[in-house]
Amino acid sequence: MRTKSGKNMKTDIFRQKDFIIRNIVRICLQMSRSADKMQKRWIFFDLGNTLYDESAADAERIKRLLASNRYPVTEADFTAQMRCGAANFAPSPFTYAREQFGIAESVPYDPNKEILFAGTAQMLEKLAAEYRLGILANQPADTRRRLLRDGILRFFQICLLSDAEGYAKPDPAFFAFACQKADCPPQEIIMIGDRLENDIAPAQQTGMQTVWMRQGLHAVQKPQKIAIFPDHTVHSVQELCGLLE
């Protein structure tokens, strides 16, 4: 029977130690990630271009505005100016585009033309198992009916809508109000939204963690232009789910 040499025995010992150390590191990382999740007790979502795709609603609104043919403007040109307005942090890209073309007339926005981004309900169902979820959005008071219609209202424990609460983004007081309603310190809340100036900046000012949902009209915004840098950036609900799971 052959016995291992002293050199081989030392090699085996080093391998065993390396294996043990690697497993300890892996377990510590898992514990750290779990602890971080536990510390972030709440997630608040914006709605437009975060959970809902606004592109069809915007296109329909532009079509109605230009339907009279009184303005020598194409739908494509108007949309391009809306993107320009978003890139320049205009409060309303639609109003910005109208002003660029000298159009005084306006038409109302129809939120019922918005549709959920693919995978939104599945993403919310997964996150609701690990976090408490809320909505913090500049929306009309009857938005709850749309959320109920689309089957996602059940995932949210708090639904804060500007028209109902008397606050509006980007007022940091709206975000502080969300902390109060959640009975949770801002450090344990993640805010997710598509606009740097409306969602990310006031959330950070309040002390929340932030995720920029860089999709839709405001994806053209550049953080360095106004020195607003989100903690994380994602480009889809699927990517968001992977980040927070």
Pair list, Cβ < 7 Å and 6+ apart or interchain, from the range 69-87 residues that are under 14 Å from residue 102 (Cα atoms) and assigned to a helix (DSSP H, G or I) to residues that are modelled with pLDDT under 95 and of a type in the set (Asp, Glu): none
Residue selected from the range 219-245 under the condition touching a residue at least 40 places away in the same chain (Cβ under 8 Å) and touching a Gly at 6+ places or on another chain (Cβ under 9 Å), by the criterion farthest from residue 128 (Cα to Cα): 236
Identity of the residue in the range 47-85, surrounded by 14 or more Cβ atoms within 10 Å (Cβ to Cβ) and polar (S, T, N, Q), that ends up nearest to residue 153 (Cα to Cα): 50
Residue match in the range 173-188 (condition: in contact with a strand residue (DSSP E or B) (Cβ under 6 Å, 6 or more places away or on another chain) and free of Cβ contacts under 8 Å to residues at least 60 places away in the same chain): yes
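Taking residue 143 as the residue in question, decide whether it is closer than 30 Å to residue 155 by Cα, in contact with a Pro (Cβ under 8 Å, 6 or more places away or on another chain) and either surrounded by 20 or more Cβ atoms within 10 Å (Cβ to Cβ) or assigned by TED's automatic domain parsing to the domain that holds residue 201 (or both).
The answer is yes for residue 143.
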Considering residues of the range 161-189 that are among the aromatic types (Phe, Trp, Tyr) and not in a loop (DSSP other than H, G, I, E, B) only, the residue nearest to residue 127 (Cα to Cα): 175
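Here is a yes/no grid of residues against (1) closer than 22 Å to residue 235 by Cα; (2) of a type outside the set (S, T, N, Q):
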residue	(1), (2)
58	yes, yes
66	no, yes
71	no, yes
74	no, no
79	yes, no
84	yes, yes
93	yes, yes
97	no, yes
103	no, yes
Of all residues making up the range 190-245, the number that are part of a loop (DSSP other than H, G, I, E, B) and either over 13 Å from residue 51 (Cβ atoms) or in the same structural domain as residue 92 (by TED's automatic domain parsing) (or both): 13
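The values are calculated or read from the model by the stated rules, or taken from the named source; none is laboratory data. These numbers come from a predicted model, not from an experiment. Here the Cβ is made from the backbone with ideal geometry for all residues, glycine too, and neighbour counts use every protein chain on show.
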